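Student: One structure, pasted below without further comment.
The values are calculated or read from the model by the stated rules, or taken from the named source; none is laboratory data. Bear in mind the structure is a predicted one, so any value in this text is a computation, not a measurement. Counting neighbours? That spans all protein chains shown, and the Cβs are built from the backbone with ideal geometry, glycine included. What goes into the accessible areas is simple: the full protein's heavy atoms, side chains included, and nothing from ligands, DNA or RNA. Shrake-Rupley method; radii C 1.70, N 1.55, O 1.52, S 1.80 Å.
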Amino acid sequence: MTAILGAGISGLAAGHYLLRKTPTLPLTIYEATDRIGGWIRSDRNPDHGYVFEAGPRTIRPKGPAASNTLELIEELGLTDQVYSISSNHTAARNRMIYAKGKLNLLPNSLGGVLKTVPPFTRPLYFAAFHDLLAGRSKTALTDESMYSFVERRFGKEIADYAVSSMLCGICAGDAKQISVKFLMKDLFEREQRHGGVIVGLLKEALLNRKKKQPQSVKKPATQMARLADRAKAENWSIYSIRGGLQTLPETLATDLQTKGVSIVTGTKFEELTFDGDRVVLKVDGKEQLLQHLVSSIPSYKLAKHVQKQHPQLASTLSSIPFVDVCVINLRYRRGDLLQQDGFGFLVPPIENLPILGVIFDSCCFDMDDNTVLTVMMGGAWFEQWFGKNPSDEHLLGVALEHIKKILHIEQQPDSYKVNLLRKCIPQYTVGHQDRVKAIRTYVDQHRLPLSLCGASYDGVGVNDVILSARKNVETIQQ
């Protein structure tokens, strides 16, 4: 038998790909909480026409990982439930940052790059000149923080306002700690090879032109490629699933159960022992002998269970840090409260505020005649602003104070939900890729019947964790 630890989206996806590979495989998924879906959690309010999302709410449709997710959505029969937002939609075009005491609309066209747009003091194209003049790094680097890289190559303003804000939205992280390889690996490696990002891009473009490209044969679109093709043709920016993103893990779980997979929630994962080429898993007082174990749970949780037998592995697993995030959903029974429509705004750390940003949910999705907002707070700075155990009342008060200050909404929300998500997002700090490589090398060298997938290792987005599941279970030898 094979077992999977964790029934979040990555664990469920791992089950999907294992069954696709071996349809008759006896498989059980164990989940410690009383629900499936992990951090994807949709609080549906159909009578009032709105949804509160505690975790991710949208998915990006571009790139190989995104195409893989769209393929999964097709396989699950959810194509008709996809709710897409095109690139010319207000929510896609209007993205803001709060800086220097006001909301600033970020450029969404070439014209915006050519002129000075607050909070920047110079046109953004100056960043390219900065890179051309910066020269090569003084010493060869294998990794550095994203802030350091961007400041060196493109200037302090880009690092402070653009990149630092972006990381607050993606992983609630501090750009001065997060590895450049998290989002800019290709740019970093070009700079190290060629002495600059722009120079590297130009050199590689010329080299690619000189290479004789074989003419590609256009393959007929397969059933599984159609949704990705549609996303490209319709120029999607982001998308979600009707009824909330939780529909995706719910449908995945139902599909697995109809195929004979046992999904056990509310379990107590007690002990894990590797015995030769087998795994002994003790759950709810009962021992299970497994051929293989797939772990999609956070690395620090797995570390506790391998500490006794494999302390070196446990130490590396534990070295991946996580942050706490407070997500507060607000709903007002008026649809005209926002002075500027858009996706929302982010707050760069240089502003020294306790909020990371606010998403304008009702601008992205149909929420009837409601204004629905999601306030994100804390992250890498959670304890600095809120201490160890803040009350829900205090967290709500801070959120409403900043909604009033920034968005000028003075009325109280008609409904709200406070979600305090402890250790919810792993932080890919400098050296993360080396840590993950060391973890997987250890597993391989010790021939442990263990596969690792999920946000701790291969990316924190929905697309990333689904692809992580696929890649890491497809190599399992059954």
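Student: Looking at region 343-354, can you tell me whether even one residue there is assigned to a helix (DSSP H, G or I) and within 21 Å of the chain's Cα centre (by Cα)? Break it down stepwise before answering.
Tutor: Taking region 343-354 as the starting set, the residues that turn out to be assigned to a helix (DSSP H, G or I) are 349-351.
Then drop every residue that is not within 21 Å of the chain's Cα centre (by Cα), which leaves 349.
Looking through region 343-354, at least one residue is assigned to a helix (DSSP H, G or I) and within 21 Å of the chain's Cα centre (by Cα).
Student: Identify the residue in region 103-120 that is touching a helix residue (DSSP H, G or I) at 6+ places or on another chain (Cβ under 7 Å) and at pLDDT 90 or above and, among all such residues, is surrounded by the most Cβ atoms within 10 Å (Cβ to Cβ).
Tutor: Filtering region 103-120 for residues that are touching a helix residue (DSSP H, G or I) at 6+ places or on another chain (Cβ under 7 Å) and at pLDDT 90 or above, the one surrounded by the most Cβ atoms within 10 Å (Cβ to Cβ) comes out as Phe120.
Student: Select from region 83-102 the residues that are surrounded by fewer than 16 Cβ atoms within 10 Å (Cβ to Cβ), over 21 Å from the mean Cα position of the chain (by Cα) and outside any helix (DSSP H, G or I) and list them in ascending order.
Tutor: If the condition is that a residue be surrounded by fewer than 16 Cβ atoms within 10 Å (Cβ to Cβ), over 21 Å from the mean Cα position of the chain (by Cα) and outside any helix (DSSP H, G or I), then Asn88, Lys100, Gly101, Lys102 are the ones that fit.
Student: Determine which member of the set Pro56, Pro61 is open to solvent by 10 Å² or more (accessible area, probe 1.4 Å), in a loop (DSSP other than H, G, I, E, B) and farther than 23 Å from Leu421 by Cβ.
Tutor: The conditions single out Pro61.
Student: Just a yes or no: is a residue in region 452-469 buried (at least 18 other Cβ atoms within 10 Å of the Cβ), outside any loop (DSSP other than H, G, I, E, B) and in contact with a Phe, Trp or Tyr (Cβ under 7 Å, 6 or more places away or on another chain)?
Tutor: yes
Student: Enumerate the pairs (first residue in region 376-399 and under 23 Å from Pro321 (Cα atoms); second residue anywhere and of a type in the set (Gly, Ala, Ser)) with beta-carbon separation below 6 Å, excluding pairs fewer than 6 apart on the same chain, so at least 6 apart or on different chains.
Tutor: Note: pairs meeting the criteria are Met376/Gly357; Gly379/Ala172; Ala380/Gly173.
Student: All but one of (1) in contact with a Lys or Arg (Cβ under 8 Å, 6 or more places away or on another chain); (2) open to solvent by less than 20 Å² (accessible area, probe 1.4 Å) hold for Ala32; which doesn't?
Tutor: (2)
Student: Mind checking whether some residue in region 358-373 is on the phi > 0 side of the Ramachandran plot and under 21 Å from the mean Cα position of the chain (by Cα)?
Tutor: no
Student: Is it the case that Leu353 is over 30 Å from Asn88 (Cβ atoms), among the aliphatic types (A, V, I, L, M), open to solvent by less than 10 Å² (accessible area, probe 1.4 Å) and in contact with a Phe, Trp or Tyr (Cβ under 8 Å, 6 or more places away or on another chain)?
Tutor: no
Student: Can you tell me which residue in region 431-451 is nearest to Thr24 (Cα to Cα), limited to those that are open to solvent by 60 Å² or more (accessible area, probe 1.4 Å) and in a loop (DSSP other than H, G, I, E, B)?
Tutor: Going through the qualifying residues, I end up with Arg447.
Student: Here's a follow-up. Just the residues that are under 14 Å from Leu245 (Cβ atoms) and part of a helix (DSSP H, G or I), please, taken from region 71-82.
Tutor: Answer for region 71-82, where residues must be under 14 Å from Leu245 (Cβ atoms) and part of a helix (DSSP H, G or I): Leu72, Ile73, Gln81.
Student: Further question on the same structure: Taking Phe154 as the residue in question, decide whether it is farther than 26 Å from Val325 by Cα, out of contact with any Gly (no Cβ under 6 Å at 6 or more places or on another chain) and surrounded by 18 or more Cβ atoms within 10 Å (Cβ to Cβ). Give the derivation first.
Tutor: On the way: farther than 26 Å from Val325 by Cα: yes; out of contact with any Gly (no Cβ under 6 Å at 6 or more places or on another chain): yes; surrounded by 18 or more Cβ atoms within 10 Å (Cβ to Cβ): yes.
The answer is yes for Phe154.
Student: Something else now. State all residues of region 265-279 that are among the β-branched types (Val, Ile, Thr), assigned to a strand (DSSP E or B) and over 14 Å from Thr2 (Cβ atoms); if no residue qualifies, say none. Before the answer, list the steps.
Tutor: Start the filter on region 265-279 by keeping residues that are among the β-branched types (Val, Ile, Thr), which leaves 265, 267, 273, 279.
Next, from what is left, pick out any that are assigned to a strand (DSSP E or B): 273, 279.
Once the filter is applied, which keeps residues that are among the β-branched types (Val, Ile, Thr), assigned to a strand (DSSP E or B) and over 14 Å from Thr2 (Cβ atoms), region 265-279 yields only Thr273.
Student: Let me ask something else. Give me a count of the residues in region 167-178 that are surrounded by fewer than 24 Cβ atoms within 10 Å (Cβ to Cβ) and either farther than 14 Å from Ile425 by Cβ or not assigned by the TED database to the domain that holds Pro118 (or both).
Tutor: The qualifying residues number 1.
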